[in-house]
Structures are given as structure tokens and as C-alpha cells.
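Below is one structure, written out as C-alpha cells; comments come after it.
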Amino acid sequence: MRFSLRCILLVFVLAAIFCSPTLAQGAEVSADRAYGHVENLVNIAPRFAGTEAEAIAASYIENEFRSYGLEAWIENFTIESSYVIEENWLRIISPEQMDIAFVPLIYSPSTDNTVTGRLVHVTGEPENLEQLRERVVLVERKNVSRTLIDLPPLAVLTYLDNWPPYFEPQWSNPPNAPLLWISGWDAQHLIELLEQDNVEVELQFRVKVESAVSHNVVALLPGQSDEIMVVGAHHDSVLTPGAVDDASGVAVVLEIARVLSTENLPRTILFTTFGSEELGLLGSDAFVLEHAENDIVVTIVFDSIAPGPGDGLRVGLRDSQEVATTEWLDAYAQELAENLDLYAKSGHSSDVRGRSDYASFTEVDIPGTWVYWVNPQHGEILWPIHTLGDNLDAISKTRLEQTASFGVELVKRLAGEDLEELRWAYEELPLLLAAFAVMSAGAVVLSIAAGSFMRYRRGWSWSLAARVFSLLTAAVVVAAYIWLLA
Ligand SMILES: [Zn+2]
């Protein structure tokens with residue numbers, strides 16, 4: 001009995017020792033608050049750029065910043081082509097009744113009124129194209145041809161097997177009929193129905209393409225200097241709930257802002273959520289232009305904390321010059337993550353197939369990095385972004401909390417770093433050390449060769465050769481070292 005009591009006590013003491021650093025670390029970040037922000041933003045979805053939903057999301061974020069005691073404001077900018085979707089539906093009306101969820105290809109045209117039509121499943125080159133004019137066509141995405149779309153049928157429903165409805169990047173020429181992505185499972189059900197009977201479909205699809213106002217939300221944390229760090233995410237979404245992309249990043253930025261709101265850091269921080277990221281980084285472009293006179297020295301962007309394993313944290317993007325983040329900044333942030341017991345590395349543009357708002361800054365030579373979480377085992381490592389599956393179910397509270405805690409540390413430390421020194425330490429120093437190593441090794445090899453030559457060809461004694469050439473080697477190494485320090 002006494003023995004087991006002791007055991008229990010020991011377990012408690014050990015648990016206290018092991019748990020306390022974890023509890024202390026990131027105790028200020030609240031996973032529940034972060035999750036709550038994602039939940040609230042998903043309720044205002046889709047937050048497509050320039051729509052009322054985007055404006056509501058922007059004012060929600062502005063109010064949050066203000067509730068932390070920060071000065072906050074909204075910066076408006078105009079976009080040429082917002083895509084406003086009114087109340088729409090896609091419904092099977094016979095042989096059974098069923099609503100089908102869909103995501104339209106952006107800039108698909110409206111139907112005139114509510115249309116009804118027979119459904120036809122097209123599997124290859126259609127034999128009689130003309131007959132499809134008054135039909136709703138169901139066709140796998142790989143079989144959607146320009147000829148079919150240009151006909152046009154009443155509407156085209158497309159899908160990928162075993163995929164939720166997907167937000168496809170815009171076409172250079174918009175389609176002539178509504179092109180609607182439905183899920184692979186719904187498509188399968190429709191095909192089964194078609195094998196038994198005629199299928200009648202009803203569609204209402206009213207949309208407007210118009211110029212609109214989009215918004216950047218900015219909050220100021222004054223620092224000891226006018227040098228500015230931008231800590232950002234984007235609040236707009238594609239035509240999906242946008243939980244991971246990028247309500248998660250907004251939640252992380254809000255939590256960092258709340259936790260740091262009473263600090264007086266060496267640099268000034270502008271917490272910013274951008275609009276119109278999904279239309280091609282329009283918000284961050286507008287922000288860079290608006291703040292061209294300010295001394296922005298570094299940017300960290302949080303975009304897409306996807307559900308992934310413990311080794312899924314990514315800081316930075318490699319491979320492609322165009323979308324690459326700043327390598328020395330990535331290395332600094334990754335080292336910090338490792339010190340916080342997080343595994344972090346850079347992503348590769350061939351896997352990630354995307355970029356984010358940091359690119360508007362790096363393009364004008366402001367160092368920038370991108371923090372995100374991926375699932376390296378999934379074929380699409382940022383799954384389920386840009387699908388209807390990007391909803392609350394995809395959000396991991398743990399990953400949100402870990403990213404926000406890491407973000408707090410990163411912002412706090414980076415705000416006080418000499419950036420030129422960091423760049424030198426992570427970019428130039430490794431090169432200089434490599435050069436030093438090569439020069440030193442070269443000096444040793446040459447000395448041995450020269451010593452042997454003097455011994456055998458000139459009759460020097462080994463001890464004389466060793467003394468002379470070790471002195472010479474030391475001189476070369478010292479010279480290389482002085483060059484390194486210079
Ligand atoms: Zn995004």
C-alpha cells in the first residue's frame with residue numbers, strides 16, 4: 001500500500017515536471033478562441049471578394065482587433081470583377097426529389113430564369129451535339145470540351161470521382177453555359193438513376209459580375225521604432241466555406257494580436273487581414289501600394305492551417321523563383337519552431353501549387369515568409385482547400401493552437417532582431433564557412449604534397465619538412481580566418 005502510494009506520488013511529481021513547460025508555453029493562446037473565430041467566419045461564407053459577406057467578415061475582424069485595445073481600421077480598394085451569387089439551387093425533380101450542392105466555375109453566366117431539362121450523361125465525344133442544347137449535361141471533368149461548352153447546353157454538371165465539389169481556377173475565356181462542379185458521389189447517384197429512368201433537373205443560377213469594393217483590415221501595435229513588421233492572413237474565400245483557407249490564418253493572426261496587444265516591442269506591428277487574395281493577391285498588392293511610404297521591413301503570412309500530422313508545419317516555399325519566400329527568414333523561423341519542439345521545414349512549389357500574400361511583399365524586395373500546415377501523406381497536401389469539404393470538420397484545434405503559439409514567439413522575437421545580421425548569419429555565413437573549410441583542407445593537402453616533394457627530391461628531413469609546411473598551413477588557415485571575419 002505504502003509502495004503504491006509512493007508510486008502514485010512519483011507519477012504526479014513526474015507529470016508536473018513534464019507538463020509544466022508545455023503548459024507554460026503558449027498558455028496565453030486559446031485554442032477555443034481561435035476555433036471560435038473560424039466558426040464565426042465559416043458562418044459568413046463564402047466570403048468571396050467584393051461581396052457583402054466579405055464586408056461583414058472584415059468588420060467582424062476590425063471589431064475583434066478593437067476589443068483587444070488596438071487601433072484598427074479598414075482600407076478599401078476597388079476590384080474589377082467580383083462574382084456575386086444570388087439565391088441558387090440545383091435540384092433533381094424526377095424520378096425523385098433531391099437538392100445537389102455545387103460550386104460554379106467562376107464567371108460562369110447566369111441562366112435566364114429557373115430552367116428545367118432532361119439530364120444526359122456524356123462519356124466521350126457526343127454523337128449528336130445539337131441534341132444536347134436543351135439538356136443538362138453530366139460529364140466527368142476530363143471530358144469537358146470547349147465545343148460542348150460553346151454549344152451551349154442548358155448547363156454542364158461536372159465532377160471528379162470521389163471528390164467534393166471543387167473551385168476550379170478561372171478559365172481565360174469564361175464558359176457559355178453555367179459549369180457547375182458537383183461531388184463525385186452525387187454524380188455516381190445521378191448515373192445510377194439515369195440507368196433506370198429519365199432524370200429531370202431544375203436549376204436556378206443567378207450571378208452578377210461587377211466591379212466592387214474589397215477590404216484590408218489593419219490593426220496597429222505601436223513599437224519602439226517606426227520599422228514595421230506585417231503579420232497577415234486573408235479573410236476572403238473562394239466559393240467554399242473557406243475554413244482552412246483562410247479563416248484558420250485569420251484566427252491565428254487574431255490570437256497573436258490579442259496575446260501581444262499589451263506588449264511594447266522594438267518594432268511596430270501591423271496585423272492585417274487581406275481581401276481578394278483568391279483573385280490574385282489583390283489585397284496585399286493594394287496594401288503594399290498604400291503603405292509604400294512606410295518602412296515595412298518584414299512580413300509573415302499565415303495561410304491555411306490544414307489538418308495534418310505532427311510533421312506538417314511548413315515555413316516558406318522553395319523551388320520556384322516567382323513564388324519563393326525569403327530563405328534566410330524561413331531558416332530563422334524553422335530553427336525557432338524546432339526550439340519549441342515543432343517540426344518545421346519549407347514546402348515545395350510543385351507539391352503546394354499555390355502562393356499567398358507574402359508574394360506581394362517579396363516582389364518589392366521586402367523579406368517575407370508563409371506559415372501553413374499540410375498533410376504530406378495526402379496527394380493534395382493542402383487538402384481540402386478550394387473544395388466544399390473546406391468546412392469546420394477540416395479544422396484541427398491542436399494545429400490552430402500550435403501555429404498561434406509558434407506565431408506569438410516568432411513575432412515577438414523577430415520584432416527585436418537585427419535583420420541584416422540574421423540575413424548574414426543564415427545566408428552568407430554558411431557559404432563563408434564552406435569556403436573556409438575548402439581553403440583549409442586545400443592548404444593541408446598542398447602542404448603534405450609539398451613536404452613529400454622536399455623530402456624525396458630535395459633531401460629535406462621529415463622533421464624539417466613537417467615544421468616548414470605546418471607553419472605555412474597555419475599561416476594560410478589564419479589568413480582565411482581573417483578574411484572570413486572581414
Ligand atoms: Zn489562402
- request: With the condition kept exactly as written, say whether any residue in segment 348-359 is within 15 Å of Pro376 (Cα to Cα) and surrounded by 23 or more Cβ atoms within 10 Å (Cβ to Cβ).
  value: yes
query: Given Glu75, Glu86, which one is charged (D, E, K, R) and modelled with pLDDT of 95 or more?
result: Glu75
statement: Expected single match for over 27 Å from the mean Cα position of the chain (by Cα) and either within 16 Å of the ligand (Cβ to nearest atom) or in the same structural domain as Arg146 (by TED's automatic domain parsing) (or both) among Gln224, Gln196, Gln170 is Gln196
- line: Flagged in segment 173-193 as closer than 30 Å to Arg355 by Cβ and more than 37 Å from the chain's Cα centre (by Cα), in numbering order, are none
task: Considering only segment 266-284, state which residues are closer than 15 Å to Tyr60 by Cα and away from the ligand (no atom under 15 Å from the Cβ).
output: Phe271
task: Check Glu327, Glu277, Glu290, Glu338 and return the single one that is assigned by TED's automatic domain parsing to the domain that holds Ala72, within 16 Å of the chain's Cα centre (by Cα) and acidic (Asp, Glu).
output: Glu277
Search result, residues across segment 345-385 that are more than 15 Å from the ligand (Cβ to nearest atom), within 21 Å of Trp163 (Cβ to Cβ) and among the aromatic types (Phe, Trp, Tyr): none
task: Scan segment 285-308 for residues that are within 15 Å of the ligand (Cβ to nearest atom) and among the aliphatic types (A, V, I, L, M) and report the count.
output: 4
- request: Answer yes if at least one residue in segment 245-252 is farther than 21 Å from Glu290 by Cα, in contact with a Gly (Cβ under 7 Å, 6 or more places away or on another chain) and assigned by TED's automatic domain parsing to the domain that holds Gly69, and no otherwise.
  value: yes
message: I need a count of the residues in segment 335-361 that are in contact with a Leu (Cβ under 8 Å, 6 or more places away or on another chain), modelled with pLDDT of 95 or more and not in a strand (DSSP E or B).
response: 8
statement: Exception for Leu313 within (1) closer than 28 Å to Ser81 by Cβ; (2) away from the ligand (no atom under 16 Å from the Cβ); (3) within 13 Å of the chain's Cα centre (by Cα) falls at (1)
message: So in segment 236-265, with the set limited to residues that are within 16 Å of the ligand (Cβ to nearest atom) and part of a loop (DSSP other than H, G, I, E, B), which one is surrounded by the fewest Cβ atoms within 10 Å (Cβ to Cβ)?
response: Leu239
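Conditions (1) more than 17 Å from Pro153 (Cα to Cα); (2) assigned to a strand (DSSP E or B); (3) touching a helix residue (DSSP H, G or I) at 6+ places or on another chain (Cβ under 7 Å), marked per residue:
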position	(1), (2), (3)
Ser81	yes, yes, no
Val84	yes, yes, no
Glu87	yes, no, no
Leu90	no, yes, no
Ile106	yes, no, no
Pro109	no, no, no
Glu127	no, no, no
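The values are calculated or read from the model by the stated rules, or taken from the named source; none is laboratory data. All figures in this text were calculated on a predicted structure; none of them were measured in a lab. Backbone-built Cβ (ideal geometry, glycine too); neighbour counts: all protein chains shown.
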